[in-house]
Amino acid sequence: MTDPALSKPTLPDSALGAPPPAWSKRSWLSLVLIALITLADTLTPSSLVVGTLLCAPVALSALGGSRAATLHLLAVAVGGNLLAAAVNALRDGLSPEDLGNRVVSILAALLVGGLTLRAREASLRAARLEEEGRRLERERALRRLVEAVSGPYGQEAFVARAAQALRELTGAKSVELGRVDRAVLRPPHALVPGPGSGRLGSRLPLEFLARPPGSALVWGVDGAHTLLSRLTRPADQDLLLIVTGASAPPDVLAEAVQTLQPLLDRTALLDDLQDRQAQLQARGEVLQDLIYAFSHDLRTPLMANAVNMRAALKGAYGPLPEDYRATLHNGLEANAALLALADQLLLVAKYESGNADEPRSVALRDVVLGVTQQVQPRAQARGVTLETTLEGVRVRGQPHDLRRAVQNLLDNAVRFAPPGSTVQVKLRRDGEEVALSVMDDGPGVPAGREATLFQRFRAGGAGGGTGLGLYLTRRIAEAHGGHVTYTRTARAQSVFTLTLPLEDL
């Protein structure tokens, strides 16, 4: 049930301390009474002390009129007392007893007027405090409503939580919230308290669907026993709110609806983002499956083709002309490039899908030596010298993947190093990390391409080729907790550095 403070009507402005009219009906009535009492006082003997009755109209004015009007009437009452005293003295004479009674009458009017004004001001302060308390309670209730529906909720969860929170806020017997589609209530839908489907799937009465002309955000049916409102959804049908037996006034529900509207808009955006994410994930899975299938299907004929070409070069089909042998050698190189591309595609699919094998202890020096020996023939063919300075260090990771990352860097350096130059390969420990640097005298990376150097399919200049080598190197480094960088030295040398965390001993 709602707090009783929420169900109390708002006090009028006069009760909240707003200035009433300077002379209200009650003030004019008090003035007439003062005149009548003063007249009676002048017509009666002083011993009757009729002037004491002037306290009554002064008190009446203080309770209902403005402070200024009350002070004016109080002055009129004192003046009336003095006038009556003067008339009585001229007619009957002035005795000490009559003078004392007159002083008491004037003091009584002043005292009653002052006390009544103080009492009225205290009452107004109490009313203001009470209204402020109700306002704060309403704000706390609305804050609880926001907290109940805030969060990464879709519209189904939002509707369920909003219905429960609105019932607690309004103290209603039941709250139903659902989407209106062709005069029928449909999901997302919630009914609190359950169980039961409420009006779900039922055709709604006409007075539930159309807001009466000139009505506010909330309107009532069934003699205002049922309150209705709508939450708009620009991209879909509106939500209809049905509140039955609420103890809170309609303005509380209107405030709640205004508070919920922007939160509903946010849930619609969240639903849209989730749908788009699901579509992207589904497309990504399809692409990964295609890459796996393509890579596996590509490897089989390529390997069979390589076997046949090697057999032919070894004389399995008899002596071959030199031109044909050169063609077979070129075919083997192209075959090897395609096999390498298939391996790269498989590795890309592996890292894009987030699949990772259990890490192992890897002697990185042995990996670099193995790659160097593999690349050595290609380097000699281009007249490039490989110079290695390697420390014995170990890291945690996948040997095959780390070998691929090192091979990408060395292949890149040998391909772009000018003939007769030296490619320097250094492996060293740097604090808690291991740094592998590969430096060559090649042309380097164009200035406009450095920002996209380690992205997919960014060929051209150093790091060119299929556009996957440096991208894979970055993904492998990140998967192992490290990173890869490119710099250009003052001597116009290109340096690629692969940094990995050192294995904990």
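The values are calculated or read from the model by the stated rules, or taken from the named source; none is laboratory data. Just so it is clear, the model here is predicted, and its values are computed rather than measured. For neighbour counting, all protein chains shown are included, and Cβ atoms are generated from backbone atoms with ideal geometry for every residue, glycine included. Heavy atoms of the whole protein, side chains included, go into the accessibility calculation; ligands, DNA and RNA do not. Shrake-Rupley method; radii C 1.70, N 1.55, O 1.52, S 1.80 Å.
Worth pointing out:
- Some residue of segment 174-189 being open to solvent by 60 Å² or more (accessible area, probe 1.4 Å) and closer than 22 Å to residue 267 by Cα: yes
- Which numbered condition residue 203 misses (of (1) open to solvent by 60 Å² or more (accessible area, probe 1.4 Å); (2) more than 20 Å from residue 161 (Cα to Cα); (3) modelled with pLDDT under 90): (3)
- Segment 120-149 - residue that is among the aliphatic types (A, V, I, L, M) and in contact (Cβ under 8 Å) with a residue 12 or more places away in the chain and, of those, farthest from residue 85 (Cα to Cα): 149
- Contact map, segment 481-501: residues that are over 19 Å from residue 428 (Cα atoms) paired with residues that are in a loop (DSSP other than H, G, I, E, B) and not hydroxyl-bearing (Ser, Thr, Tyr), Cβ distance under 6 Å, separation 6+ or inter-chain. Pairs shown: 488/444; 493/441.
- Summed over segment 387-403, the residues that are open to solvent by less than 30 Å² (accessible area, probe 1.4 Å) and farther than 10 Å from residue 361 by Cα give a count of 3.
- Yes/no for residue 160 being out of contact with any Leu (no Cβ under 8 Å at 6 or more places or on another chain) and surrounded by 15 or more Cβ atoms within 10 Å (Cβ to Cβ): yes
- Checked against the criterion of being over 39 Å from the mean Cα position of the chain (by Cα) and either crowded, with 16+ Cβ neighbours inside 10 Å or modelled with pLDDT of 90 or more (or both), the candidates 458, 415, 475 yield just one match: 415.
- Filter result for residue 108 (within 17 Å of residue 41 (Cβ to Cβ), assigned to a helix (DSSP H, G or I), modelled with pLDDT of 80 or more and in contact with an Asp or Glu (Cβ under 8 Å, 6 or more places away or on another chain)): no
- One residue alone among 469, 442 is modelled with pLDDT under 90, closer than 24 Å to residue 360 by Cα, small (Gly, Ala, Ser) and crowded, with 20+ Cβ neighbours inside 10 Å, and that residue is 469.
- Counting only residues that are assigned to a loop (DSSP other than H, G, I, E, B), closer than 20 Å to residue 475 by Cα and among the small types (Gly, Ala, Ser), segment 394-448 holds 0 of them.
- Residue check, residue 220 part of a loop (DSSP other than H, G, I, E, B) and not basic (Lys, Arg): no
- One residue stands out among those in segment 222-263 that are among the aliphatic types (A, V, I, L, M) and surrounded by fewer than 15 Cβ atoms within 10 Å (Cβ to Cβ): the one that is nearest to residue 170 (Cα to Cα), which is 224.
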